[in-house]
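The values are calculated or read from the model by the stated rules, or taken from the named source; none is laboratory data. These numbers come from a predicted model, not from an experiment. Please note: Cβ atoms are built from the backbone with ideal geometry, for glycine as well, and neighbour counts cover all protein chains shown.
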Amino acid sequence: MVTGAVAANSVLALRARTVLTLAGEGPARGKELFAPLKKTDNGVLVVRNGIVENALPWREYSPPPQALVRDIGDVCLAPGCVNAHTHLNLSHLVRRAVFHRGFVAWLESLLPLLAEPVSPESHRQTLLDACADMAGAGTAHAGDFCGRVNVNPGIKPVHEAGRACGLELTHFCEWLGYAPPLNDGVYPWPAHCRADADSPQYGERCAPCGHSLYSTLPQTLREIRRFCSSRGKIFSFHLAESPEEEQMLTSGDGPLRDLYARLLPGNWRPPGLRPLDYAAELGLLGPGTLAVHGVRLSVGDMARLAASGAALCLCPRSNKNLGLGLPPARELMESGVLLCLGTDGLTSNDDLDVRGEAVCLREILDLPPEALVRLLTVNAAAALGLGNVGRLTPGSAAKFCILPESLAF
Ligand SMILES: [Zn+2]
């Protein structure tokens, strides 16, 4: 029988071919991304009561009598990953939208699906399944865009699913649409999240966010960016994802403009600027901003984004599935932008395992594992304002993952 005293002082020792802790590592930009990572070959990670106690060479370790010692084999053990961008409350629409035919074809196929009825129980189960899959794959924390859906609205169902699975979440409450905001004292929180904004359980980890430059009222984008800055919250929005976005913003026409025609106000005029320039003009860039995608960025855009101090989350498998190509990840790494990775949601990706984004960039663009592991851990933690997450530092929660072999050391 396990007594309370033993359970309260449990020791787990995990021996692996390689242990990477990223202890002492800060967020990395430019050349820093490519520096070697400190590793322990034939190492052991020692966990006491769920908290990291130490990481050391196996030959130097003497387990205490109560230790549960496990050899997890010929693998590389690393900190739990941070998925900086997903859409959990759309998980019930997995594999329903059209892939590989461009952004507008994907969006046209998605819009009617959003209106389909789904039972609260079934939707709640898909939230739980998605969170369990993420946590099981070694994701410690995710940044989640909570859009308006016609079932289980708001943050609470997502938060509860994450908590049930041991997945920590940062919630971004998404504004979508051109309706003018209500001057009701709760603005700039979108209507579907207003009840959650002051939650004692998760209000601190909530922030309003914008959907994009072409689908959210510019005044709202400006005000939520200002609000987030003043509260020390991260401001996030989709940026420079597709050629159709660029066309709509620069010339005011094209298939995305046609798709949004009935939603746009009668006095809508294109800003006549490319996405990055328009975001800068609206004052959306700077420290504390997390832009998402960046597929359509020029070298000049990258330099401007890097200089602003904003972070950028890449979602390469989502971009690839929609037929948009890959973001210019190597050039972005060299530009000095603070980069991280996200899966996007199950409406555009095959799964929510963010390690898959790094594997995609490793296999297709031959990017080095040192840089990709930093994107998965310390950089994503910084982009979400999470302090010491993404490291196996003594005293930190013992959240870890096994790196896929193409990323391993
Ligand atoms: Zn997204």
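If we scan region 388-397, do we find a residue that is within 16 Å of the ligand (Cβ to nearest atom), part of a loop (DSSP other than H, G, I, E, B) and over 23 Å from Ala35 (Cβ atoms)?
No, region 388-397 contains no residue that is within 16 Å of the ligand (Cβ to nearest atom), part of a loop (DSSP other than H, G, I, E, B) and over 23 Å from Ala35 (Cβ atoms).
Conditions (1) over 22 Å from Met134 (Cβ atoms); (2) free of Cβ contacts under 8 Å to residues at least 12 places away in the same chain; (3) surrounded by 13 or more Cβ atoms within 10 Å (Cβ to Cβ), marked per residue:
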site	(1), (2), (3)
Thr21	no, no, yes
Arg29	yes, no, yes
Leu33	yes, no, yes
Leu68	yes, no, no
Val75	no, no, yes
Gly80	no, no, yes
His92	no, no, yes
Arg95	no, no, no
His100	yes, no, no
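Residues of region 332-359 being over 20 Å from Ser236 (Cβ atoms), within 16 Å of the ligand (Cβ to nearest atom) and assigned to a helix (DSSP H, G or I), which ones?
The one that is over 20 Å from Ser236 (Cβ atoms), within 16 Å of the ligand (Cβ to nearest atom) and assigned to a helix (DSSP H, G or I): Gly356.
Go through region 1-109 and tell me which strands (runs of 3 or more DSSP E), entirely inside it, have 2 or more residues that are under 23 Å from the mean Cα position of the chain (by Cα) and closer than 30 Å to Asn321 by Cβ.
Here the list reads 68-79, 81-86.
For region 255-279, which residues satisfy the criterion of being outside any helix (DSSP H, G or I), of a type in the set (Gly, Ala, Ser) and at pLDDT 95 or above?
Within region 255-279, Gly272 is the sole residue that qualifies.
Working only within region 280-322, note down all residues that are within 16 Å of the ligand (Cβ to nearest atom), touching a residue at least 60 places away in the same chain (Cβ under 8 Å) and in a helix (DSSP H, G or I).
Hits for region 280-322 are Asn319, Asn321.
If we scan region 126-134, do we find a residue that is surrounded by 14 or more Cβ atoms within 10 Å (Cβ to Cβ) and of a type in the set (Ser, Thr, Tyr)?
Looking for residues that are surrounded by 14 or more Cβ atoms within 10 Å (Cβ to Cβ) and of a type in the set (Ser, Thr, Tyr), one finds at least one in region 126-134, hence yes.
How many of the residues in region 140-174 are acidic (Asp, Glu) and modelled with pLDDT under 95?
0
Of all residues in region 114-135, which are aliphatic (A, V, I, L, M) and at pLDDT 95 or above?
Leu127, Leu128, Ala130, Ala132, Met134, Ala135
If you go through region 173-183 one residue at a time, do you hit one that is under 16 Å from the mean Cα position of the chain (by Cα) and buried (at least 21 other Cβ atoms within 10 Å of the Cβ)?
So far as region 173-183 goes, yes, one or more of its residues are under 16 Å from the mean Cα position of the chain (by Cα) and buried (at least 21 other Cβ atoms within 10 Å of the Cβ).
If Gly143 meets every condition in (1) within 16 Å of the ligand (Cβ to nearest atom); (2) more than 20 Å from Lys320 (Cα to Cα); (3) not in a strand (DSSP E or B) apart from one, which number is that one?
Only one criterion in (1) within 16 Å of the ligand (Cβ to nearest atom); (2) more than 20 Å from Lys320 (Cα to Cα); (3) not in a strand (DSSP E or B) is unmet by Gly143, namely (3).
So, in region 191-241, how many residues would count as being charged (D, E, K, R) and touching a helix residue (DSSP H, G or I) at 6+ places or on another chain (Cβ under 8 Å)?
3
Examine region 324-331 for a residue that is out of contact with any strand residue (DSSP E or B) (no Cβ under 6 Å at 6 or more places or on another chain), in contact (Cβ under 8 Å) with a residue 24 or more places away in the chain, more than 16 Å from the ligand (Cβ to nearest atom) and at positive phi, and state whether such a residue exists.
yes
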